[in-house]
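Reading through the structure tokens given below for one structure.
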Amino acid sequence: MTAKQFLELQERRGGGVQSAAPAKPRKQTAAKKSAAHPGPPSTPPAPAVEPLLAGLSGVRRHWVLLMPYAEKLLTSNGRLHHMAAHRIRKQLRKDAAGVAMARRLPRLERAAVFYVLHPRPLNRKRDPGNWADTVKAYVDGLVTDGGLLPDDNHEFLMGPIPVMGEPVASGYARMTLVVVELSKPVTSANAETVTGMAG
């Protein structure tokens, strides 16, 4: 059957040839916007150490350690593949060990560690406890790789204790560790004024 015969047949059947309805253009989904880069790294203000020391007994020396800038930190809200998290953890440990060696931190018998979060300047509430995974890596770097303490168990280490610090002016969040040498054994009595809990 030729095209002409087909058209005639359609005419006789009373339908004629209906042109196909034009296909609706597909709705283009908007490409996911990547978050704007927060700008260059900045140095946050040093945390106030006196209130932290006031809550401890048997205080000797202390050190304020601003950790190296890192665009990737570990948080409890993060959903990273375990290999990506492992790479970040390894770098954080290396960073902390490097700081311990650069500052020539002595080997201590006991210490308390505060970690001060300097968040990005965003108008929302922050929970510094969410960064505990980052701090665990830092403490491992200080203790295991940097030789700061015999071990990071409760007999030698109090904390790490979270503290909210001043935000950074630009760039990603930063972390300051305050390491406090203690002359007395680490017990619940040492932490009573810091945590508000007695042993």
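The values are calculated or read from the model by the stated rules, or taken from the named source; none is laboratory data. Computed from a prediction, not measured in an experiment: that's the story for all the values here. Using ideal geometry, Cβ is built from the backbone for each residue, glycine included, and neighbour counts are taken over all protein chains shown.
It is to be established whether one or more residues within the stretch 167-181 are hydroxyl-bearing (Ser, Thr, Tyr) and within 15 Å of the chain's Cα centre (by Cα). Show your work before the answer.
The initial filter retains those residues of the stretch 167-181 that are hydroxyl-bearing (Ser, Thr, Tyr), namely 170, 172, 176.
From the residues that got through so far, the ones that are within 15 Å of the chain's Cα centre (by Cα) too are 172, 176.
Scanning the stretch 167-181, I find at least one residue that is hydroxyl-bearing (Ser, Thr, Tyr) and within 15 Å of the chain's Cα centre (by Cα), so the answer is yes.
Please work out which one of (1) within 19 Å of the chain's Cα centre (by Cα); (2) in a strand (DSSP E or B) is the condition Arg87 fails and give its number.
If we test Arg87 against (1) within 19 Å of the chain's Cα centre (by Cα); (2) in a strand (DSSP E or B), just (2) comes out false.
Within the stretch 73-83, is there a residue that is touching an Asp or Glu at 6+ places or on another chain (Cβ under 9 Å), at pLDDT 90 or above and within 22 Å of Pro44 (Cβ to Cβ)?
No.
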